[in-house]
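Q: Sharing a structure here in C-alpha cells format.
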Amino acid sequence: MIGVKALIYFRNYWKEFNEIINPIIFTFPSLKVRYLQVRISITGEYMKKIMNEQLIYEILSVVEEIPEGKVATYGQIASLIGREKNARLVGKVLSQAEFYGRYPCHRVVNHAGRLAPGWREQRFLLLEEGVSFKDENHVDMKRNQWEC
C-alpha cells in the first residue's frame, strides 16, 4: 500500500512532468498517442486494462454519430457500446478525446442535461447548433436528446 506522503510526492512530480511535457507533445503531434498510452499505464494497471484502443474507438465512433442540434448522455453512449454501467468511463475517454482528433464531445452531457463542469465553451457550441437550455447549465433534454 502506498503511503500518503508517497502519493503527495507523486502528484507533485506528475504536475511538474506535465508542465514540461505538454509543450513537447503539442509540437510533435505523432507523440500524442504514445504520451496517452504512457499516461494511462502510469495511472494504474486497472485503467490500462479497461481503456484499450478498441473501447476508445467505439466511444468516439458513437459520439461522431450524434447529429447537430442534439445531445446524448454518457450513459446513453455506454449503453450503445454494450457497457451500460460504464458512464464514467465514457466521460474519462471523452476528456482525452483531443489526443485522437476532433470529435463533437460538446454534444455529450450527464443524464440531467448538466454541462461538463469547467468547460465554458460547451454552452456556446451547443447554442450555435440551436440546442435549447432549461437554465444556465442544463440542456432541455425533452427537446434535444438524441433518439437512437
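The values are calculated or read from the model by the stated rules, or taken from the named source; none is laboratory data. Values in this document were obtained by computation on a predicted structure and should not be read as measured data. Backbone-built Cβ (ideal geometry, glycine too); neighbour counts: all protein chains shown. Areas reflect the complete protein model, heavy atoms only, side chains present, ligands, DNA and RNA absent. Shrake-Rupley method; radii C 1.70, N 1.55, O 1.52, S 1.80 Å.
Q: Test of understanding: among 94, 125, 115, 89, which residue is without any contact (Cβ under 8 Å) to a residue 24 or more places away in the chain and touching a helix residue (DSSP H, G or I) at 6+ places or on another chain (Cβ under 7 Å)?
A: From the options 94, 125, 115, 89, the qualifying one is 125.
Q: Kindly provide the set of residues from segment 74-88 that are over 12 Å from the mean Cα position of the chain (by Cα) and closer than 9 Å to residue 110 by Cα, ordered by number.
A: Within segment 74-88, just 75 meets the criteria.
Q: Among the residues of segment 105-145 satisfying the criterion of being closer than 15 Å to residue 76 by Cα and of a type in the set (Gly, Ala, Ser), which is surrounded by the fewest Cβ atoms within 10 Å (Cβ to Cβ)?
A: This residue is 112.
Q: Take residue 102 and decide whether it is in contact with a Phe, Trp or Tyr (Cβ under 9 Å, 6 or more places away or on another chain), closer than 22 Å to residue 56 by Cβ and open to solvent by 80 Å² or more (accessible area, probe 1.4 Å).
A: no
Q: I would also like to ask the following. Given segment 50-112, what helices (runs of 4 or more DSSP H) lie entirely inside it while holding 2 or more residues that are on the phi > 0 side of the Ramachandran plot?
A: none
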